Amino acid sequence: MDSAIDVASTDSLVEFVERHPRLFVLTGAGCSTESGIPDYRDAAGEWKRRPPITYQLFVGNEHARKRYWARSLVGFRRIQHAQPNTAHHSLASLEHSGRITQLVTQNVDGLHQAAGSQNVIDLHGRIDTVRCLNCDQRGARDQLQLELERLNPDFASLDAAHAPDGDADLDDVAFEAFDVPACDACGGLLKPDVVFFGEGVPGPRVQRAMAAIEHSDAMLVVGSSLMVYSGYRFATAAADAGKPIAAVNLGRTRADDLLTLKISDRCASALGVFLI
Ligand SMILES: [Zn+2]
């Protein structure tokens, strides 16, 4: 594809949506930036900051786990109070008009559902849920947040720059003092019910999404650089199935070579035209 696709206008996006009545939609962090949840990557698709904790480190290293929860105690507040923006509302409108066969999101913030989208696959899980790695009991993160604040009053009063997964920059604090509650049913390790780096997306979620591509006319990527394989694979699957792909994203995507249409714009301003 030549670079002319980069200057495509909202009109061409409207035309793309009209031409393909059954859309498979994949959304990423760029969809939620205007809800106050910062993105991880810059316009070149590179890390803006230190990459997030891996599953292996979280499970295998107590200090890293304390550090994660201390930072998350502060960073979660922004996600807790975030509201859906025009991008989320526009996608909910498209779904209500019967134009979306499946929405798959790489975000863990739950804002698509808050905007009214119903057919959503949370590819990487949900930050508002906590799971015990031993007995699989699930609980509300809101409850754990209260417990974390009660056990760690010195940390609860801190503030820091926020990151997309409810993490925060708190590098100079002594994490050893941080008290992390265990599962109240079995004493096991609690983990946010999100897919960490180094952890696989559960197979059934991927299979449901792949099946939805088969029943779609085209794919629409919204606010994702597709740098992570868990999202990129859907673009290659759509391309292999001969489905055209449009993307709304500020900056480069890993699938630029596969795109039929590229809108380099903020998600809310590009999608606002579909808001009913
Ligand atoms: Zn348990």
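Out of (1) modelled with pLDDT of 95 or more; (2) in contact with a Phe, Trp or Tyr (Cβ under 8 Å, 6 or more places away or on another chain), what's the single condition that is false for Y40?
(1)
Name every residue in the stretch 218-264 that is surrounded by fewer than 17 Cβ atoms within 10 Å (Cβ to Cβ) and among the charged types (D, E, K, R), in order of residue number.
If the condition is that a residue be surrounded by fewer than 17 Cβ atoms within 10 Å (Cβ to Cβ) and among the charged types (D, E, K, R), then R233, D240, D257 are the ones that fit.
Do you know which of the residues in the stretch 136-155 that are of a type in the set (A, V, I, L, M) and either open to solvent by 30 Å² or more (accessible area, probe 1.4 Å) or touching a strand residue (DSSP E or B) at 6+ places or on another chain (Cβ under 7 Å) (or both) is nearest to the ligand (Cβ to nearest atom)? Give the steps one after another, and end with the answer.
Initially, the stretch 136-155 is screened for residues of a type in the set (A, V, I, L, M), giving 140, 144, 146, 148, 151.
Narrowing further to those that are either open to solvent by 30 Å² or more (accessible area, probe 1.4 Å) or touching a strand residue (DSSP E or B) at 6+ places or on another chain (Cβ under 7 Å) (or both): 140, 144, 146, 151.
Numbers: A140: 15, L144: 13, L146: 19, L151: 18 Å.
Only one residue tops the list, namely L144.
List pairs: first in the stretch 173-201 and touching a residue at least 60 places away in the same chain (Cβ under 8 Å) and open to solvent by less than 30 Å² (accessible area, probe 1.4 Å), second within 16 Å of the ligand (Cβ to nearest atom) and among the charged types (D, E, K, R), Cβ under 6 Å, 6+ apart or cross-chain?
Note: pairs meeting the criteria are K191/R131; D193/R131.
Which residue out of G116, G98, G139 is at pLDDT 95 or above, small (G, A, S) and more than 23 Å from R22 (Cα to Cα)? Please lay out each step first, then the result.
Numbers: G116 fails: more than 23 Å from R22 (Cα to Cα); G98 fails: more than 23 Å from R22 (Cα to Cα).
After applying the criteria, what remains is G139.
Out of all the residues in the stretch 242-263, which are small (G, A, S) and either assigned to a helix (DSSP H, G or I) or closer than 25 Å to S97 by Cα (or both)?
Across the stretch 242-263, the qualifying residues are G242, A246, A247.
Kindly provide the set of residues from the stretch 111-135 that are more than 16 Å from the ligand (Cβ to nearest atom) and either of a type in the set (S, T, Y) or open to solvent by 10 Å² or more (accessible area, probe 1.4 Å) (or both), ordered by number.
Here is the first cut: in the stretch 111-135, the ones more than 16 Å from the ligand (Cβ to nearest atom) are 111-128.
The answer is Q113, A114, A115, G116, S117, Q118, N119, V120, D122, H124, R126, D128.
Test each condition in (1) surrounded by fewer than 15 Cβ atoms within 10 Å (Cβ to Cβ); (2) more than 19 Å from V104 (Cβ to Cβ); (3) at pLDDT 95 or above for E214 and report the one that comes out false.
With (1) surrounded by fewer than 15 Cβ atoms within 10 Å (Cβ to Cβ); (2) more than 19 Å from V104 (Cβ to Cβ); (3) at pLDDT 95 or above applied to E214, the lone miss is (2).
The values are calculated or read from the model by the stated rules, or taken from the named source; none is laboratory data. The model shown is predicted, which means the values in this text are computed figures rather than measured ones. All Cβ positions, even for glycine, are placed from backbone atoms using ideal geometry, and neighbour counts span all protein chains on display. Side chains are part of the model used for accessible areas, which takes the heavy atoms of the whole protein and leaves out ligands, DNA and RNA. Shrake-Rupley method; radii C 1.70, N 1.55, O 1.52, S 1.80 Å.
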